[in-house]
Structures are given as C-alpha cells and as structure tokens.
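Following: one structure in structure tokens, then a few remarks.
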Amino acid sequence: MQTQQKSEICAMQVLLCAATEMEIAPTLQALSLKQGHSVEVLITGVGLTACTYALTKEVVAKRPDAILQAGVAGTLMVDLPLAQVVVVKSETI
C-alpha cells in the first residue's frame with residue numbers, strides 16, 4: 001500500500017510559480033540537481049495582471065494537480081520571518 005501511495009504522489013503534476021526567478025533561485029538550483037522530479041516552474045511576472053494571465057494560461061494548458069506559489073507573494077510584511085510558510089485565506093485588491 002505504501003509503495004502505491006508513493007508512486008501516486010510522484011506522479012502528481014506540480015506547478016511551482018513565482019513572480020521572478022530571483023525569488024525561487026535556490027529552489028530552482030536544488031531541482032536542477034534532482035533527476036526524475038515532476039515539477040513545472042512558471043515565472044509569472046510581477047503584479048496581479050501578469051500573474052493571473054500567466055497562471056490561467058498554464059492551468060488551462062497543463063491542468064496541474066497542485067499549484068505552489070513561492071517567493072514574497074506580494075507581501076513585504078516585516079513581522080513575518082524569512083522562510084515562513086503561510087496560507088492565504090482571502091485577498092483584497
């Protein structure tokens with residue numbers, strides 16, 4: 001059973017996106033050292049319009065199983081330490 005679960009997880013199509021390559025450069029470097037990963041990387045560009053366009057186009061074309069947003073994600077809150085993982089529950093423009 002565990003082998004089956006592991007293979008299903010490995011078969012997932014994961015889309016990793018960020019506004020700029022600089023935000024996820026260490027991750028990109030780590031991914032380049034691993035063989036057989038199934039992570040697609042999307043650099044969306046900065047701003048809501050650029051991100052929405054790029055992400056919508058990619059999702060329609062490839063239908064990923066999971067999407068991860070990496071980087072600063074539009075926030076520069078000084079009270080959040082670097083490498084803090086957050087979940088966005090709602091967003092306002």
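Brief remarks on what is shown
- Considered as a group, the residues in the range 25-53 that are at pLDDT below 85 and of a type in the set (Val, Ile, Thr) include one that is most open to solvent (accessible area, probe 1.4 Å), and that residue is THR27.
- Looking across the range 64-78 at every residue that is more than 14 Å from the chain's Cα centre (by Cα) and more than 17 Å from THR49 (Cα to Cα), the one that is modelled with the lowest pLDDT is identified as LEU76.
The values are calculated or read from the model by the stated rules, or taken from the named source; none is laboratory data. Keep in mind it's a predicted model, so treat the numbers as computed, not measured. We work out accessible area using only protein heavy atoms, side chains counted, and drop any ligands, DNA or RNA first. Shrake-Rupley method; radii C 1.70, N 1.55, O 1.52, S 1.80 Å.
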